[in-house]
Amino acid sequence: IYDYNVCAIVVLCTPEKPNQYPPFWPDERKSEMYGPVFTVDQLSHSHIDYIRTWMFEINKKIISLTDLMTGVKAEVKKCQLFQVTNWPMGDKVPSTPASLVDLMILVERWRVRHDNGPV
């Protein structure tokens, strides 16, 4: 996500069972370390109709001696996760197909504000 400048992550279903998949984002307004290099902070969370969103800030720790000596600072990046909540696993379409249009609009608005990074 960080190295490829991904600005948006889209999850198209909700797992059937809690903890079916391990979370790859921190809990509410918490900071989590992912390996020795990355820290992810949850900045916000919202739920609009059939779409949940989380905004994150990703910090990369400089571990290169050359970078440390020259004072290079890693850029802090923002990423937003979008999850459709009305598309059961195994179904061909969400229970409200219009939610996909809403999802595309939300993702595209976010991308425009963040240099059209990959999704």
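What to note about this one:
- Any chance Ser44 is polar (S, T, N, Q), modelled with pLDDT of 85 or more, closer than 18 Å to Phe82 by Cβ and loosely packed, with under 15 Cβ neighbours inside 10 Å: yes
- Scanning the range 3-37 for residues that are charged (D, E, K, R), at pLDDT below 85 and more than 23 Å from Asn86 (Cα to Cα) yields Arg29, Lys30.
- Residue ID - modelled with the lowest pLDDT, chosen from residues in the range 75-119 that are among the acidic types (Asp, Glu) and part of a loop (DSSP other than H, G, I, E, B): Asp115
- Applying the condition of being touching a Phe, Trp or Tyr at 6+ places or on another chain (Cβ under 7 Å) and outside any strand (DSSP E or B) to the range 8-38 and asking which residue is nearest to Ile62 (Cα to Cα) yields Trp25.
- When the range 4-41 is filtered for residues that are in contact (Cβ under 8 Å) with a residue 40 or more places away in the chain and surrounded by 10 or more Cβ atoms within 10 Å (Cβ to Cβ), the ones remaining, listed by number, are Asn5, Val6, Cys7, Ala8, Ile9, Val10, Val11, Leu12, Cys13, Thr14, Pro15, Trp25.
The values are calculated or read from the model by the stated rules, or taken from the named source; none is laboratory data. Given the structure is predicted, the values throughout are model-derived calculations rather than measurements. In this analysis, Cβ positions are derived from the backbone assuming ideal geometry, glycine residues included, and neighbour counts consider all displayed protein chains.
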